[in-house]
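S.K.: Just passing along the structure, written as structure tokens.
The values are calculated or read from the model by the stated rules, or taken from the named source; none is laboratory data. Just so it is clear, the structure is predicted and the values come from calculations on it, not from any experiment. Here the Cβ positions follow ideal geometry from the backbone for every residue, glycine too, while neighbour counts run over all protein chains shown.
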Amino acid sequence: MKTLKFLLFAVLALSMVTACSENDTQGTNNLNELDLLKSQLNGEWVASGQKNSYIYIFADNDTVYIKTQEGNTVSKWPYLPVAEDSIRIIRNWTTHSKVVFYSGDSIWISNFIPSLMAVYPPEFSDIVLVRAKEASDPDENPKLTDIKWKLTSFVSNGNAKTPEPDSNDCYWLIFDDDNTLEGKSSANFLLGSYEVNHQTSSLRITNLGGTEIYELPDGRLFVESLMTVRSFELQEAVLKLYYNETDYLLFNSDPEFVNPYRETVVGKWKLIQIVTVYNSDTQNPEIIDYSNDNIIYDFLTDNRLEVSGGLPDDLAEGEYFYHYQKPNVGILSLPAPNLTIDGDNQLFCIAPADNDTMTVKGEKITGRVVGETGLIVEQGTVVAWTKTFAKLN
């Protein structure tokens with residue numbers, strides 16, 4: 001009996017040791033996976049194809065620092081690496097979570113919707129990142145953006161076919177600096193986004209949609225080809241979009257198309273007027289003339305904004321951080337925030353290239369009441385404002 005008890009005890013002890021060993025090994029393997037992921041993410045990343053992109057720095061302290069090209073920190077996110085199905089979650093503590101799809105040479109950042117327990121897949125990504133050291137300088141590449149590209153031929157196995165109808169109003173694309181695009185098929189206006197890597201000559205068009213008028217002869221072929229584009233060739237005024245190894249869309253640039261907006265807002269601007277509208281009552285705007293005041297916004301090259309003579313209930317006198325992105329240039333471009341001043345990323349700045357005026361538009365809600373459950377009890381007052389500036393020499 002003693003011998004049997006001893007044997008049972010030995011077997012039990014051995015199983016416990018084995019189980020502990022397996023758990024330790026599993027924990028070590030999981031830790032190694034996380035450490036490996038962190039080491040792969042660590043370093044500097046930039047937005048693919050974007051000029052003057054923010055720099056995303058994945059650091060050892062599980063934080064992503066977002067900086068300008070000049071090194072100024074714009075924001076930082078804590079992130080949580082999860083070794084499962086190549087999906088990594090970056091948590092943005094102010095709004096919602098982000099999901100990172102890591103593929104070795106690229107990072108796709110997409111929205112994560114906790115309420116729906118859903119993740120947008122990579123093709124619906126907000127932004128695509130590539131290694132900063134591997135990203136070629138857009139200035140060193142033939143220009144793709146801010147150009148109206150007109151389709152001249154469908155090329156299949158070396159045979160070129162002119163699209164029908166053969167009209168200047170049909171079959172064109174415009175790639176914008178913010179990785180959106182617009183265009184027109186035979187009868188429908190198109191909107192979408194794109195991902196480009198000049199180093200690998202890869203290009204993908206995503207989220208393509210638009211109006212739904214019946215397509216004329218080659219309209220459907222044009223749209224279907226765009227949706228399967230995977231690479232491109234760009235030589236000055238000629239663009240080829242390959243939708244398989246041998247077939248491509250051949251475009252020529254429109255020499256008469258000119259970008260109507262400024263590349264930069266750097267310089268001194270004097271505030272001339274503020275127009276305020278309450279609750280969309282455009283018939284009774286509040287208009288205040290500041291042309292006799294000396295309120296100056298000085299946008300510096302290092303992304304600092306110095307305000308002198310500012311307004312106490314607006315931007316008071318002092319120093320701020322800003323980031324400006326030239327608006328979309330196409331015919332169908334939808335308004336989108338393109339100016340950030342100290343974290344306010346809902347500003348619309350229009351600075352025409354052919355004159356010395358600038359408008360900045362924004363909106364806020366005052367007096368909103370939120371209950372204990374987080375629901376809005378009282379909507380409050382919607383205040384929309386437009387500032388007009390004059391460029392100082």
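S.K.: Of everything in the stretch 247-266 that's part of a strand (DSSP E or B) and hydrophobic (A, V, I, L, M, F, W, C), which residue is surrounded by the fewest Cβ atoms within 10 Å (Cβ to Cβ)? Full working, then the answer.
M.R.: First, pick out the residues of the stretch 247-266 that are part of a strand (DSSP E or B): 248-253, 261.
Now narrow it down to the ones that are hydrophobic (A, V, I, L, M, F, W, C): 249-251.
Values: Leu249: 24, Leu250: 19, Phe251: 23.
Restricting to residues being part of a strand (DSSP E or B) and hydrophobic (A, V, I, L, M, F, W, C), the top hit is Leu250.
S.K.: Could you list, in sequence order, the residues of the stretch 218-270 that are closer than 30 Å to Asn292 by Cβ and touching a residue at least 40 places away in the same chain (Cβ under 8 Å)?
M.R.: Result: Tyr261, Arg262, Thr264, Val265, Gly267, Lys268, Trp269, Lys270.
S.K.: Identify the residue in the stretch 210-222 that is farther than 15 Å from Tyr243 by Cα and either outside the structural domain of Tyr171 (by TED's automatic domain parsing) or surrounded by fewer than 15 Cβ atoms within 10 Å (Cβ to Cβ) (or both) and, among all such residues, is modelled with the lowest pLDDT.
M.R.: This residue is Glu212.
S.K.: Sort out which residues of the stretch 231-281 are closer than 15 Å to Ala160 by Cα and charged (D, E, K, R), and write them in order of number.
M.R.: Within the stretch 231-281, Lys240, Asp247 meet the criteria.
S.K.: In addition: Of these, Asn284, Asn294, Asn328, which one is loosely packed, with under 14 Cβ neighbours inside 10 Å and either in contact (Cβ under 8 Å) with a residue 12 or more places away in the chain or among the hydroxyl-bearing types (Ser, Thr, Tyr) (or both)?
M.R.: Working: Asn284 fails: either in contact (Cβ under 8 Å) with a residue 12 or more places away in the chain or among the hydroxyl-bearing types (Ser, Thr, Tyr) (or both); Asn328 fails: loosely packed, with under 14 Cβ neighbours inside 10 Å.
Among Asn284, Asn294, Asn328, only Asn294 is loosely packed, with under 14 Cβ neighbours inside 10 Å and either in contact (Cβ under 8 Å) with a residue 12 or more places away in the chain or among the hydroxyl-bearing types (Ser, Thr, Tyr) (or both).
Residues checked against (1) touching a Gly at 6+ places or on another chain (Cβ under 9 Å); (2) in a strand (DSSP E or B); (3) closer than 19 Å to Glu363 by Cα:
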site	(1), (2), (3)
Ser280	no, no, yes
Ile287	no, yes, yes
Ser291	no, no, no
Asn294	yes, no, no
Val307	yes, yes, no
Asp314	no, no, yes
Glu319	no, yes, no
Tyr322	no, yes, yes
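S.K.: How about the stretch 145-209: which strands (runs of 3 or more DSSP E) wholly inside it have at least 3 residues that are surrounded by 18 or more Cβ atoms within 10 Å (Cβ to Cβ)? Before the answer, list the steps.
M.R.: Working: elements: 148-156, 159-161, 172-175, 180-184, 189-197.
Filter on the stretch 145-209 gives 148-156, 172-175, 180-184, 189-197.
S.K.: Just the residues that are touching an Asp or Glu at 6+ places or on another chain (Cβ under 8 Å) and farther than 30 Å from Thr264 by Cβ, please, taken from the stretch 166-177.
M.R.: Tyr171
S.K.: Being under 23 Å from Lys161 (Cα atoms), modelled with pLDDT of 85 or more and not charged (D, E, K, R) is the requirement here; does Gly183 meet it?
M.R.: Yes; evaluated as a whole, the condition is true for this residue.
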